[in-house]
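Laboratory data are not the source of any read-out in this text; all were calculated from the coordinates shown. These figures come from a predicted structure and were not determined experimentally. Neighbour counts are summed over all protein chains in view; Cβ atoms, including those assigned to glycine, are modelled from backbone coordinates with ideal geometry.
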Amino acid sequence: MKFSCSQQILSKALNTVSKAVTSKTTIPVLKGILMEATKEGTLILSASDLDVSIEKTITEVSVEEAGSAVVLSKLFTDIIRKLPNEEIKIELLDQTIMIKAPGSEFTVVGLSAEEFPNISAIKELERLNIEKELFKNLIRKSAFCASIDESKGIITGVLFELDQENIRVVALDGFRMAIITEAMKNESSQKIIIPAKILQEIYKIIAELEGEEDLIFILGEKKAIIEMENLKIVLRLLDGDFIKYKDIMPKESKCVVKALRKDLFESIERAALLSKEGKNNLIKLSILEDSLTITSRSDEGTVREEARIERTGEDLEIGFNAKYLLDVLKVLEEEEVVLEMNTSVKPCLIKPVSGEQFAYLVLPVRISS
């Protein structure tokens, strides 16, 4: 193996691929990045922790000799990042990798490429074309609601549910739930569950890509593949049945509030400055006629915020963890939102004024009367 490449291009590709490298493994090859210089004149970089695998193809490379080797990710990435923005020459000699740049020369020990896992094998069920921004929004508006407690099993994942008209994503953690729906024509109905922490890494990777090219989403039985811009991400799916989320949705609402999203967010954010010092980030919402009063108290002081609303139904006093409401209001772009509530101990439904683009459910916190 012998090739040369721009330091900037190689460093950027290594930064992307290294997101799939784990230090929590006893398998040495999984701490590395597989480099494959091909006869076609491309360089393919791959990394995997067996849950997510990333493969990046570099076309701006000069290959003198095809071949492959695995390099320890952290050391190799650090070396390339520290080198000047010049052409770098890399050559494999036996199991030693030589890295040359103007005024610098490194040799590092390589590992056999034959030990690296085959990451691309998948039994394809459906292939979708999804707009890059749409996919980012599906992740951004849902993944934060999934559980971060690994012992919670299936709800550490995000459900992707396809029918012939829509794609719907659902995430919940026992205290809140997100349901995001986008119109999309699909050939068949499918359900897959992707770990939320993997989706959040994928979001970061996609956000760094400059083009507006659609991504290809390939669904399989145990894996899914996302492809775009010389990049392939293979991810493990969670196995099992997701919570029957439709059964959790409220059937009625006795108090309905329409509010300006930005004003509501800012009022809750200010009230949360004191709620952080108390228990459960607790804020209290008092809904009376066309006025919403948000209060919070701690040993450090008290706060009272008032916001104009449109209310139908009954008056209500209800408590919430401020963070759960802020997390929802922060990811939305709508000018107005609707909050539907029943009693002080039943969940609040946050939805758009019209349509079904999103629905968030947030459990209240009991407040002393």
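Brief remarks follow.
- Projected onto its three principal axes, the C-alpha set of segment 7-75 covers 35, 22, 21 Å, listed from the longest axis down.
- Taken about its Cα centre, the chain carries a charge dipole of about 1040 debye when Lys and Arg each add +1 at the Cβ and Asp and Glu each add -1 at the Cβ.
- Label-point separation in nm, E131 to K204, each point 7 Å along Cα→Cβ: 2.7
- Packing order of peptides 148-154, 91-97, 168-174, 328-334, highest average first: 168-174, 328-334, 91-97, 148-154 (average count of other Cβ atoms within 10 Å over each peptide's residues).
- For a label point 7 Å along the Cα-to-beta-carbon line of V109, residues of segment 59-82 with backbone N under 12 Å: 72
- The angle separating the long axis of helix 7-17 from the principal Cα axis of greatest extent in the chain is about 50 degrees.
- When the inverse distances between all different Cα atoms of the chain are averaged and flipped, the Kirkwood radius reads 23.3 angstrom.
- For the peptides 35-47, 57-69, 99-111, residues were scored by their other Cβ atoms within 10 Å and the scores averaged per peptide; the highest-first order is 35-47, 57-69, 99-111.
- Directionally averaged projected area (convex hull, Cα atoms, segment 269-369), nm²: 6.4
- Helix 196-208 and the longest principal axis of the Cα set of the chain meet at an angle near 70°.
- The long axis of helix 261-275 is offset from the longest Cα principal axis of the chain by roughly 90 degrees.
- If R0 equals 35 Å, the separation of the Cβ atoms of N85 and L50 corresponds to a calculated FRET efficiency of about 0.55.
- Toward the positive end of the charge dipole of the chain, with +1 on the Cβ of Lys and Arg and -1 on the Cβ of Asp and Glu, the farthest Cα among G103, V169, I27 is that of I27.
- Charged-residue dipole, Cβ positions (Lys, Arg, Asp, Glu), segment 123-262 about Cα centre, Debye nearest 20: 740
- Debye-sum result for segment 198-242 in log10 I(q)/I(0), which assumes one identical scatterer on each alpha carbon, at q = 0.24, 0.32 Å⁻¹: -0.90, -1.29
- Partner aspartates and glutamates for K74 [C-alpha distance under 16 Å; skip if fewer than 8 residues away on the same chain]: D49
- Of K244/K284; K204/K246; K152/K262; K185/K232; K132/K185, those spanning more than 28 Å from alpha-carbon to alpha-carbon: K244/K284; K204/K246; K152/K262
- Most fluctuating residue given options E221, E161, E335, as computed from a GNM of the chain linking Cα atoms under 10 Å: E335
- Each principal axis of segment 145-256 carries a Cα extent, and these read 51, 34, 28 Å when sorted largest first.
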